[in-house]
Amino acid sequence: MLKLAMFDTKGYDRAAFEARLAGRDVEIKFFEPNLSCDTVALCAGYDCVIPFVNDRLDADVIECIARMGVKLIALRCAGYNNVDLDAARAAGITVMRVPAYSPYAIAEHAMAMLLTIVRRTHKAYIRTRDYNFSLNGMVGFDLHGKTVGVVGTGRIGRVFIDICRGFGMHVIAYDAYPAADAGIEYVSKEELLSRSDIISLHCPLTKDTYHMVDEAALSTMKKGVVIVNTSRGALIDAEALLNAIKRRHVGAACLDVYEEEGDFFFEDFSGHILDDDVLSRLISMPNVLVTGHQAFLTEEALDNIASTTLDNVRDFFAGVKNGNEII
């Protein structure tokens, strides 16, 4: 029986994986802590580790798990910027991922955040619970007719484009690898930044996309632009974004991810002082909406994550290639 160690496990993760274990010759140990240098000793005796987005698989961690006999890193997410791939390759460890668990979940969450910030529904909810039905300060704007710039036109980006078209928005897009015959109006990154009323990020985090939204990029955007990020936090220089909001240049920001989220997201810090001044100040802004890396969290996505991850484990140890290998 294969022994698997899952890290950064929450109740919803465990429920989804346990529902998919029937008939599989595997045993999973669910660990609540993140995988890091401090917790890597927990991997002893396991054939495979199952990390999530904020687990830190740097060269030191990978060297340790290789010595322990771990053969497979089965990511239960699409992104892999938290894995040192060179170290894994050198250690002879295969890395697999879940490339598409539910593009609808993330694209729909991006639109939900956009609608919320534009129409102030989160503020209306709080007001009306106190029987305050005043509409002062609640003026929004129509999405219909606005130009939305979509950065990244993979599965999630294209679903988001379809949703935006349903609202009557004009869509332009930038992608380093444009999708052929997709019916998408591709423009340069510079043109997208300057023309868009709304910019939504749906690209992976790489050395080329790190801080792609920085002070220089923000300065070329329209005054009042709305920025949506449901991809990876480090696509945006958070301090530069905060400064642009304070200057009233950025009209609003919807952030499901944050570049330093690994220390905070997925945990309960209510009643505590948040030891991150930039995140604290972003959350305090009336035109910023933050959710805690929630976009993926639907029943369908959780089931697909569990099913695909366990299929990846099965195929790897059976010597079957299924296309989900990163290395």
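The values are calculated or read from the model by the stated rules, or taken from the named source; none is laboratory data. Bear in mind that the values here come from a model prediction, so they are computed numbers and not experimental data. All Cβ positions, glycine included, derive from the backbone under ideal geometry; neighbour counts span all protein chains shown. Side chains are part of the model used for accessible areas, which takes the heavy atoms of the whole protein and leaves out ligands, DNA and RNA. Shrake-Rupley method; radii C 1.70, N 1.55, O 1.52, S 1.80 Å.
Has segment 59-79 got at least one residue that is at pLDDT below 95 and not β-branched (Val, Ile, Thr)?
yes
Working only within segment 274-327, note down all residues that are open to solvent by 30 Å² or more (accessible area, probe 1.4 Å), under 18 Å from GLU261 (Cβ atoms) and among the polar types (S, T, N, Q).
Residues satisfying the conditions are SER280, SER284, GLN294.
Being surrounded by 20 or more Cβ atoms within 10 Å (Cβ to Cβ), in contact with a Cys (Cβ under 8 Å, 6 or more places away or on another chain) and modelled with pLDDT of 95 or more, is that true of even one residue in segment 243-261?
no
Here is a yes/no grid of residues against (1) assigned to a loop (DSSP other than H, G, I, E, B); (2) among the charged types (D, E, K, R); (3) under 21 Å from THR121 (Cβ atoms):
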{"site": "ALA252", "(1), (2), (3)": "no, no, yes"}
{"site": "ASP275", "(1), (2), (3)": "yes, yes, no"}
{"site": "LEU282", "(1), (2), (3)": "no, no, yes"}
{"site": "PRO286", "(1), (2), (3)": "yes, no, yes"}
{"site": "PHE296", "(1), (2), (3)": "yes, no, no"}
{"site": "GLU300", "(1), (2), (3)": "no, yes, no"}
{"site": "THR309", "(1), (2), (3)": "no, no, no"}
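Go through segment 101-130 and count every residue that is closer than 12 Å to LEU289 by Cα, touching a residue at least 60 places away in the same chain (Cβ under 8 Å) and of a type in the set (S, T, N, Q).
Number satisfying all stated conditions: 1.
Can you tell me which residues in segment 185-202 are out of contact with any Phe, Trp or Tyr (no Cβ under 9 Å at 6 or more places or on another chain) and either among the polar types (S, T, N, Q) or closer than 18 Å to VAL257 by Cβ (or both)?
Of everything in segment 185-202, those that are out of contact with any Phe, Trp or Tyr (no Cβ under 9 Å at 6 or more places or on another chain) and either among the polar types (S, T, N, Q) or closer than 18 Å to VAL257 by Cβ (or both) turn out to be SER194, SER196, ILE198, ILE199, LEU201.
When both residues are 6+ apart or on different chains and their Cβ atoms are under 7 Å apart, which pairs have a first residue that lies in segment 187-202 and is assigned to a helix (DSSP H, G or I), and a second that is among the hydroxyl-bearing types (Ser, Thr, Tyr)?
Qualifying pairs under 7 Å: LYS189/TYR174; GLU190/THR220; LEU192/TYR174; LEU193/THR220; SER194/THR220; ARG195/THR147.
Mind checking which residues of segment 163-208 are within 18 Å of CYS254 (Cα to Cα) and open to solvent by 70 Å² or more (accessible area, probe 1.4 Å)?
Residue satisfying the conditions is PRO204 alone.
Out of all the residues in segment 145-154, is one or more closer than 23 Å to SER231 by Cβ, under 21 Å from the mean Cα position of the chain (by Cα) and open to solvent by 60 Å² or more (accessible area, probe 1.4 Å)?
Scanning segment 145-154 turns up no residue that is closer than 23 Å to SER231 by Cβ, under 21 Å from the mean Cα position of the chain (by Cα) and open to solvent by 60 Å² or more (accessible area, probe 1.4 Å).
Could you tell me whether segment 238-247 includes any residue that is part of a loop (DSSP other than H, G, I, E, B) and in contact with a helix residue (DSSP H, G or I) (Cβ under 7 Å, 6 or more places away or on another chain)?
no
So LEU115 passes all but one of these: (1) buried (at least 18 other Cβ atoms within 10 Å of the Cβ); (2) within 29 Å of ALA182 (Cα to Cα); (3) aliphatic (A, V, I, L, M). Which condition number does it fail?
Answer for LEU115: the failing condition is (1).
Determine whether ASP268 is open to solvent by 80 Å² or more (accessible area, probe 1.4 Å), free of Cβ contacts under 8 Å to residues at least 60 places away in the same chain and under 16 Å from the mean Cα position of the chain (by Cα).
no
Name the residues in segment 25-43 that are free of Cβ contacts under 8 Å to residues at least 24 places away in the same chain and either more than 16 Å from ALA59 (Cβ to Cβ) or open to solvent by less than 30 Å² (accessible area, probe 1.4 Å) (or both), would you?
Selection gives ALA41 alone.
For segment 62-112, name all the residues that are closer than 23 Å to GLY157 by Cβ, in a loop (DSSP other than H, G, I, E, B) and among the aliphatic types (A, V, I, L, M).
Selection gives LEU75, ALA78, VAL98, ALA100.
Report the residue count in segment 45-61 for those that are open to solvent by 30 Å² or more (accessible area, probe 1.4 Å) and in a helix (DSSP H, G or I).
2
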